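Encoded as structure tokens, the structure appears first; notes follow it.
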């Protein structure tokens, strides 16, 4: 994935003629922190984990990015994801730079108490490097509002009450209304605009969603609320499909909160489908909302959707991207399509700094306004320069970071 | 050697199309002048009243700016016209003409030249066209030098050798003009 992002950045940089020195400056992370995180396990033994925080670029503001707990977390991975955040915040024009962090651990093997001690110790170790005006972590893979609450509490103990040091906090602890649905809501907004551009309408469109986690479930629910027929969804256990449309509201209530595998879902007209069958469904919009690298050169040729909206990070390999482009499929890239999450994270930070709570309607209205403006900006580059959406989005992101950099000077 | 008694078309090809009578009219108006090597025919700032046709020898045209060091503008060989600005406008000589080796020239005064042009004498019309061509060519040369000088000035402001500040400044300008969004 790190190679792919770098490839997209180089392509955009070349078109913009930024020059090799500026390109190098924009590719390099500003700072990388590796910390040892020792905790006492419930059985009395000590364990030491490795924590990472990569701060990629702060030209446009305090750095922003998730914190993930996963066994495969390593410096390369975190570095690439930090870079992605720099371009994503720039594409939607929120005044943040990019960062990412993680702890190499398997949270399934840890009790709640162990997770809390791990989170608090990591916050102690990384504390001097983060802060409301420096670097603001957020939930990511295997981290949630509770983890953010522990981080906020631990940070506030040492540095004074600081709700703005993390986002994605519980709504009862200075979190934002609308944060949970934000990424899915942004995805649906983008899908609606893309369909309208192609002369279609979300209200009459058919949709397939791969992944029924936080992003996929909200995307499916909101699309169906806006009239779309969601004909297929899947999760790690496989997919379900129904030509006349799935009962997404029921699926959401029964399978999304709390998470349950869709495998035991029974309803009239519903059949089981494989992941591959879902990707090849005859629909207007395909929303890959699970893992990276699911659309490959092997399966991209059979995609029948008119629009692919990348709700997941990097679901399309560069080879698949070219194949889809060659077949006239519009691919709206992750750094635009799934930026609703970081946008509302920004709103949460703004509310914390303001000490003022926004209503859910206000958050959703501001989110819609940001997604509309961002889509229009990227679309302008697509039309004027005759580029695909991914390259155009990277040009917008790279351009904004480069402008901030040259305005500030080196 | 150029003949000394008349303005010879062999030395001045511009008069090649004139007949004998027309050459005679020119000879009437032209006065022979000799300048020894190292001597000045006229000096920058002098009041100019006539133009010269170089019949023999070699003349160097030099000029200085505000009394500074002299720069050589041209080295003229037989057949050349010099001092022509003086017959067009009443202005001080813009340069100094010095004989490098003994030189012989034909001097034509402003009034003679203007009378001849007014009288539609062919030699004067031919000479006028020739002067116009010389001035046009000189203007083209000056334009080229001016452009080069402007480019050099820019170069000084923005060294292409890659000072980082200059590189960023160039990038900034380009980003703000080419990539507005």
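The values are calculated or read from the model by the stated rules, or taken from the named source; none is laboratory data. Treat the numbers as computed from the prediction; the structure is a model and nothing was measured. FYI the Cβ positions are ideal-geometry reconstructions off the backbone, even for glycines, and counts take in every protein chain you see.
When you check residue A:90 against the structure, is it surrounded by 24 or more Cβ atoms within 10 Å (Cβ to Cβ) and closer than 16 Å to residue A:2 by Cβ, yes or no? Taking the combined requirement at face value, the residue does not satisfy it.
Here residue A:14 meets the list (1) assigned to a loop (DSSP other than H, G, I, E, B); (2) under 21 Å from residue A:318 (Cβ atoms) almost entirely, failing just condition (1). Identify all residues within region A:385-400 that are over 13 Å from residue A:92 (Cβ atoms), more than 8 Å from every other protein chain (Cβ to nearest Cβ) and in contact with a helix residue (DSSP H, G or I) (Cβ under 9 Å, 6 or more places away or on another chain); write none if there are none. Those that are over 13 Å from residue A:92 (Cβ atoms), more than 8 Å from every other protein chain (Cβ to nearest Cβ) and in contact with a helix residue (DSSP H, G or I) (Cβ under 9 Å, 6 or more places away or on another chain): A:385, A:387, A:388, A:389, A:390, A:391, A:392, A:394, A:398.
A quick yes/no check of all residues on (1) modelled with pLDDT of 95 or more; (2) closer than 23 Å to residue A:371 by Cβ; (3) within 14 Å of chain B (Cβ to nearest Cβ):
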{"residue": "A:8", "(1), (2), (3)": "no, yes, no"}
{"residue": "A:17", "(1), (2), (3)": "no, no, yes"}
{"residue": "A:36", "(1), (2), (3)": "yes, no, no"}
{"residue": "A:47", "(1), (2), (3)": "yes, no, no"}
{"residue": "A:75", "(1), (2), (3)": "no, no, no"}
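Which ranges mark the helices (runs of 4 or more DSSP H) fully within region A:280-368 that have 1 or more residues being out of contact with any helix residue (DSSP H, G or I) (no Cβ under 8 Å at 6 or more places or on another chain) and over 22 Å from residue A:235 (Cα atoms)?
By residue number, A:318-326, A:340-354.
Any residue in region B:151-172 that is over 30 Å from residue A:381 (Cα atoms), over 19 Å from the mean Cα position of the chain (by Cα) and at pLDDT 90 or above? Checking region B:151-172: not a single residue is over 30 Å from residue A:381 (Cα atoms), over 19 Å from the mean Cα position of the chain (by Cα) and at pLDDT 90 or above.
Within region B:46-77, the residues that satisfy the criterion of being surrounded by 14 or more Cβ atoms within 10 Å (Cβ to Cβ) and part of a loop (DSSP other than H, G, I, E, B) are B:46, B:48, B:49.
Can you tell me which residue is surrounded by the most Cβ atoms within 10 Å (Cβ to Cβ) among those in region A:352-381 that are over 22 Å from the mean Cα position of the chain (by Cα) and within 14 Å of another protein chain (Cβ to nearest Cβ)? That would be A:381. The set of residues from region A:276-302 being over 14 Å from residue A:206 (Cα atoms), surrounded by 15 or more Cβ atoms within 10 Å (Cβ to Cβ) and over 21 Å from the mean Cα position of the chain (by Cα) comprises A:277, A:299, A:300.
Screening region A:19-43 for residues that are part of a loop (DSSP other than H, G, I, E, B) and within 27 Å of the chain's Cα centre (by Cα) and picking the one that is nearest to residue B:167 (Cα to Cα) gives A:28. Among all residues of region B:78-90, there is at least one that is assigned to a strand (DSSP E or B), in contact with a strand residue (DSSP E or B) (Cβ under 9 Å, 6 or more places away or on another chain) and in contact (Cβ under 8 Å) with a residue 40 or more places away in the chain. Selection of region B:167-181 for residues being outside any helix (DSSP H, G or I) and facing chain A (nearest Cβ under 7 Å) yields B:179, B:181.
Within region A:59-95, the set of residues being touching a residue at least 60 places away in the same chain (Cβ under 8 Å), part of a loop (DSSP other than H, G, I, E, B) and under 19 Å from residue A:407 (Cα atoms) comprises A:59, A:60, A:62, A:93, A:94, A:95. Specify which of the listed residues (A:263, A:281) is over 16 Å from residue A:212 (Cα atoms) and in contact (Cβ under 8 Å) with a residue 12 or more places away in the chain. So the residue among A:263, A:281 that is over 16 Å from residue A:212 (Cα atoms) and in contact (Cβ under 8 Å) with a residue 12 or more places away in the chain is A:281.
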